[in-house]
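Visitor: Here's a structure for you.
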Amino acid sequence: MQAPTDNLYKFLAISGLICMLFFYFDYNQRKEQLQNKKDEWIVSALELNSALDASSRELKALEMRYQKFGSQAKTAEELKAEFDRTATFQQEFNKLGIKVEPTSYKLQIVQRLEEELAALKSRYTSYSAWSLGLFLLGIVLWYYRTQRHLDAKERT
């Protein structure tokens, strides 16, 4: 396909149409990318929160067990083994808590991206309006200044 270089008005019309379509599809693509990113982050946050909740329940169960059996006399080796087990679990629990912290920052990132997307939508709306105007101007000028005369010439 050859570009419409034979007539400036056709070029204006086609350029306006292409720009309008670009703004429409680019905005929708960016919106979909943001939605996919939000969905991924929501799933990872839910997974971390459920792991943290499960660990919290386990930690509470361990604390209750220590309260119940702490009064019973135990050997030093048994106490050390239980202490080591609890310390290991506590470290894993703390790691989960550290992983949950970035999810609050991800929420801030999503909010910022949504604000940027809203600003982009308003700009793209005005750009699309200008592109539509350019398209319509090109069509009208092409028909009234060129095509109408060519049609009349062909009829005679």
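The values are calculated or read from the model by the stated rules, or taken from the named source; none is laboratory data. It should be emphasised that the depicted structure is a prediction, and the values quoted were computed from it without experimental measurement. Cβ atoms come from the backbone with ideal geometry, glycine included; neighbour counts cover every protein chain shown. Areas reflect the complete protein model, heavy atoms only, side chains present, ligands, DNA and RNA absent. Shrake-Rupley method; radii C 1.70, N 1.55, O 1.52, S 1.80 Å.
Visitor: Between a residue in region 121-132 that is touching a residue at least 40 places away in the same chain (Cβ under 8 Å) and any residue that is in a helix (DSSP H, G or I) and among the polar types (S, T, N, Q), which pairs come within a Cβ distance under 9 Å, given they are 6 or more apart or on different chains?
Guide: Short answer, once both residue conditions are applied: 131/15.
Visitor: Right, something else. Tally the residues that are among the charged types (D, E, K, R), open to solvent by less than 70 Å² (accessible area, probe 1.4 Å) and over 14 Å from residue 105 (Cα atoms), restricting the search to region 27-38.
Guide: Looking only at that region, the number is 0.
Visitor: Another question, if that's okay. Keeping to region 39-55, report how many residues are buried (at least 16 other Cβ atoms within 10 Å of the Cβ) and not hydrophobic (A, V, I, L, M, F, W, C).
Guide: Looking only at that region, the number is 1.
Visitor: For region 1-29, enumerate the residues that are within 24 Å of the chain's Cα centre (by Cα) and either modelled with pLDDT under 90 or not in a helix (DSSP H, G or I) (or both).
Guide: Within region 1-29, none qualify.
Visitor: State the number of residues belonging to region 135-145 that are open to solvent by less than 60 Å² (accessible area, probe 1.4 Å) and either under 40 Å from the mean Cα position of the chain (by Cα) or among the basic types (Lys, Arg) (or both).
Guide: Summing the residues that are open to solvent by less than 60 Å² (accessible area, probe 1.4 Å) and either under 40 Å from the mean Cα position of the chain (by Cα) or among the basic types (Lys, Arg) (or both) in region 135-145 gives 2.
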